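Down below is the structure, laid out as structure tokens.
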């Protein structure tokens, strides 16, 4: 919960238009304490926020379902588990105790095994695995084939169609993708599948 942004939003919504248009204050002027309506309004919001903090502190910051609630420091935006509550000027003096403050965070006591790079870890992690894919390009295309060609297999049972681009063969996912790309079926060259497979496979045609 960011008390400052909430305050500025509510202040903008609740002030009459005439006041919003007539007066323009810098953040420094607003924080100085000399702008009475702003100071009073901010004090009201802070009071409501601190009251909510106090109420939850009495419940160890948990609700009826044991869900832990976290609160931010009004001044810094950090968690209130780290604020100083002893100084007389502290906003939280009298609002929560040191014991209650410790309840604002939770520490897991479950021990987690720490692995170092040794034989045990090598058994757990497959170091030979990689998600990187080798991209291969043909140094030279087969005779009679050039970039931009559309190829289909001479095997009547093989309906796959390819686009030759950047010295790679790129598969069309389906016939509709050929139409969508604006290619003319009359341009397809019928080539032996062994010749087609000599060309490295590239990404599928979008």
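The values are calculated or read from the model by the stated rules, or taken from the named source; none is laboratory data. This one's a predicted model, so the numbers in the text were calculated from it and none came from an experiment. Virtual Cβ from ideal backbone geometry, glycine too; neighbours counted across all protein chains shown.
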Inset, instruction - Output the residues belonging to the stretch 96-107 that are surrounded by 10 or more Cβ atoms within 10 Å (Cβ to Cβ) and not in a loop (DSSP other than H, G, I, E, B). - result: 100, 101, 102
Legend entry - Unmet requirement for residue 5, which otherwise passes all of (1) out of contact with any helix residue (DSSP H, G or I) (no Cβ under 9 Å at 6 or more places or on another chain); (2) under 30 Å from residue 105 (Cβ atoms); (3) modelled with pLDDT of 85 or more: (3)
Legend entry - In the stretch 40-95, the residues that are touching a helix residue (DSSP H, G or I) at 6+ places or on another chain (Cβ under 8 Å) and assigned to a helix (DSSP H, G or I): 41, 42, 45, 46, 49, 53, 57, 80, 81
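Per-residue answers, yes or no, for (1) touching a strand residue (DSSP E or B) at 6+ places or on another chain (Cβ under 9 Å); (2) buried (at least 16 other Cβ atoms within 10 Å of the Cβ); (3) under 11 Å from residue 204 (Cα atoms):
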| position | (1), (2), (3) |
| --- | --- |
| 150 | yes, yes, no |
| 155 | no, no, no |
| 167 | no, yes, no |
| 171 | yes, no, yes |
| 178 | yes, yes, no |
| 189 | yes, no, no |
| 192 | yes, no, no |
